[in-house]
Amino acid sequence: MNSIERFIQCAVLVVLTLAPVVRAQTEIQVQAQIEPPNAYLGSTLTYTVSVQTIGQHDISSPDLDLPAGLRLLGNSTSFESRTRPVRQPDGTFQLNMVMRRSFHYTLSADRIGVFSIPPARVLVDGSPHESDATTVNVREPQSVDGFELESRLSKTRVYVGEPFTLFVTWFVGQDVRDFSFVGPDLPNFVRAQPVFSASAPQDRAGRYPATTLYGQRIYGTRGEATLNNRRVSTVTFRVQYIASQAGTLELGPLAMIFDAVEGRSVTRGVARTGPISVEVLPLPSVGRPAGFDGLIGRYDISAAATPTAVNVGDPINLVVRIDGPDARLVNDGPNLAAMPAFAEQFKFDPAGWEREQGTTTQAVFQTTVRALDESIIEIPPVELPYFDTDAGVYQIARSAPIPMTVRPSRVVSLDDAIVSPGSSPSIARQELGDARGGIWAIAPIEVLANDPIHRSLSSWWMVPIVAIPPLLWLGLVVRDWRATRSAHPSIIHQRQYRRALRLARSGRSEDAVRSYLGTLTGQRPEAVTAADCHAAIEDRDIAQQAASLLGANEASRFGQTSQQTSKPVNIEPLLRAMHKNLRGQA
């Protein structure tokens, strides 16, 4: 029995000797370290915060306070757990689950010097715990013969919102690897966009070397040049900037950090540009045109319309194309309502402009307009204000006018209504022949003068018979004229309602609805569309019925559906409902 006890004691001593021991006094440990502690400018560093606990606990992500010159590139986490003997306060050991959660941060050193990272702070079950501070020494790489970095600006004085380009050429004297840009951070009011060939990301031949600048992927273009009487390779990078605030903008110096390879020797090197400064001027307030929307640079606008021969109220598809240095800044099509020539002669689509597929330097928009009058002979020029940076003044680009032919609304005859396209009339057209005598007869005047009926018309008693109907008609005309002169809404509604009923009873359902809504909305009946029904009629069901009627008619008229002979629609109940609803709105 004693031998068994001695064996167990020896086994425990071996386990305690070989296994790492976690003391009870430090149940929670927070550690931080950075690798490598000594690095070159532009190097990538790994900063790790580890939290070790006994048992499972709720651990928050660390709060980091990185000094200027160290930039965060990315982060990740890892987790591990082991069963280990843990010394208890009474000196005994007990097996416990020891867990470690590590937070890894990838940093970039953008400046030289000694950087101290303050203690990382984490919450474990809601209680704060901190690591020790860490230090990293960032050194300047050495200059390497045959390597230089030059910069050139497309403009050194620009206006707010004006794009300008920085060209950076790197002279490469020998084989390199692991190269990267280092430079000052951009202010918040500056936008930078790398410029490169669209085929660069798919390059497999190494013609477009790639690196990172301002956190964005940038591709250079290979070339050759002479440096110090020596033929060397070059890589040229381009970046476009736009500043939204006036002042002096500092973009450099920029540095290229690289590893130069010569045989088996690798040398960490650096090449720098000189200072890069740009003067950003404010836009002048004098001469700024109405409708200016911030377009900077020279812009041009063109317009096209189809069809160009229409009836009043027919839809016209209007397309405008805007060309300029950065067409992506054009958020919407031109404001046609602000152009008097358009506002007075055309009706606009309530949906406005629709943007089509464009490019960086071209924006295309399309919309629908409708002519309001047959006197229109052209679509007037479309205007686009912009600021010409070369001339330093505001300009207005104008499209060429588009000749138009606008006919009055077509009157539909009975034959048009009952004849299908491509078929012969269902009612035979008869030639007029000689007629028998009578007041409506078509005959020479001599024949009519000798007719007995004509002689009877010359009697005195025929005068009142002939005169009374015109007098009655004249009285009705006067009454209608007086009603027309009245501005009371109820009289207007009643008069238009009666006219709409007459049109409906003659089989002209769409004309009845257009006539009724046209006068009430201040438009010509031919220009009334399905969208106007929803705007003029509050009752949704009634508005939808009217809109469906006009929508089907428009689709048939303008080729969206095939024309088919349909049964006459009883439109009078819809007109009565519209009249009741609109009279209640008045």
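General remarks:
- Filter result (assigned to a loop (DSSP other than H, G, I, E, B) and either assigned by TED's automatic domain parsing to the domain that holds Y40 or not polar (S, T, N, Q) (or both)) within segment 258-276: G263, R264, G274, P275, I276
- Comparison of P289, P284, P275, P307 shows that the only residue that is touching a Gly at 6+ places or on another chain (Cβ under 6 Å), over 21 Å from V176 (Cβ atoms) and not aliphatic (A, V, I, L, M) is P275.
- Looking at segment 218-257, the strands (runs of 3 or more DSSP E) lying wholly inside it that each contain 3 or more residues that are out of contact with any Gly (no Cβ under 9 Å at 6 or more places or on another chain), over 14 Å from I276 (Cβ atoms) and not assigned by TED's automatic domain parsing to the domain that holds T44 sit at 221-226.
- Taken over segment 200-209, the residue count meeting the criterion of being in a loop (DSSP other than H, G, I, E, B) and modelled with pLDDT under 90 is 5.
- Matching residues in segment 5-47 - criterion: being modelled with pLDDT of 90 or more and buried (at least 18 other Cβ atoms within 10 Å of the Cβ): V30, A32, I34, L45, Y47
- Conditions (1) farther than 29 Å from D293 by Cβ; (2) at pLDDT 90 or above: number failed by V195: (1)
- Taken as a whole, segment 179-198 holds at least one residue that is without any contact (Cβ under 8 Å) to a residue 12 or more places away in the chain, more than 30 Å from A246 (Cα to Cα), of a type in the set (G, A, S) and not in a strand (DSSP E or B).
- Odd one out for G294, checked against (1) assigned by TED's automatic domain parsing to the domain that holds T389; (2) touching a residue at least 12 places away in the same chain (Cβ under 8 Å): (1)
- Subset of segment 350-377 (residues that are closer than 23 Å to A290 by Cβ and over 20 Å from the mean Cα position of the chain (by Cα)): V369
- Subset of segment 520-529 [under 18 Å from A552 (Cβ atoms) and not in a helix (DSSP H, G or I)]: V528, T529
- Selection of segment 377-403 for residues being assigned to a strand (DSSP E or B) and farther than 28 Å from G313 by Cα yields P385, Y386, F387, D388, V393, Y394, Q395, I396, A397.
- Checked against the criterion of being in contact with a strand residue (DSSP E or B) (Cβ under 8 Å, 6 or more places away or on another chain), in the same structural domain as Q56 (by TED's automatic domain parsing) and over 21 Å from V51 (Cβ atoms), segment 101-108 contains one or more residues that satisfy it.
- Candidates L283, L336: the one that is under 30 Å from P184 (Cα atoms), in contact (Cβ under 8 Å) with a residue 40 or more places away in the chain and surrounded by 15 or more Cβ atoms within 10 Å (Cβ to Cβ) is L283.
Rundown of residues vs (1) crowded, with 20+ Cβ neighbours inside 10 Å; (2) assigned to a helix (DSSP H, G or I); (3) modelled with pLDDT under 80; (4) not assigned by TED's automatic domain parsing to the domain that holds T368, yes/no style:
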site	(1), (2), (3), (4)
R498	no, yes, no, yes
E510	yes, yes, no, yes
V513	yes, yes, no, yes
G518	yes, yes, yes, yes
D532	yes, yes, yes, yes
E538	no, no, yes, yes
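- Neighbours by Cβ (under 8 Å, 6+ apart or cross-chain): first from segment 131-159, touching a residue at least 60 places away in the same chain (Cβ under 8 Å) and within 30 Å of I296 (Cβ to Cβ); second acidic (D, E) and not in a loop (DSSP other than H, G, I, E, B): T156/E279; R157/E279; V158/E279
- Residue within segment 455-462 that is of a type in the set (K, R), over 35 Å from the mean Cα position of the chain (by Cα) and at pLDDT below 70 present: yes
- Counted as qualifying within segment 40-146 are the strands (runs of 3 or more DSSP E) with 3 or more residues that are within 30 Å of V172 (Cα to Cα), namely 44-54, 70-87, 93-109, 134-139.
- Matching residues in segment 117-151 - criterion: being surrounded by fewer than 18 Cβ atoms within 10 Å (Cβ to Cβ), among the charged types (D, E, K, R) and within 19 Å of S180 (Cα to Cα): R139, E140, D145, E150
- Listed by first and then second residue, the pairs with beta-carbon distance under 7 Å, at least 6 apart or on different chains, first residue in segment 72-86 and among the acidic types (D, E), second in a strand (DSSP E or B), are E80/R100.
The values are calculated or read from the model by the stated rules, or taken from the named source; none is laboratory data. Quick caveat, the model's predicted, so the values are computed rather than measured. When we count neighbours, we look across all protein chains shown, and the Cβ atoms used for this are built from the backbone with ideal geometry, even at glycine.
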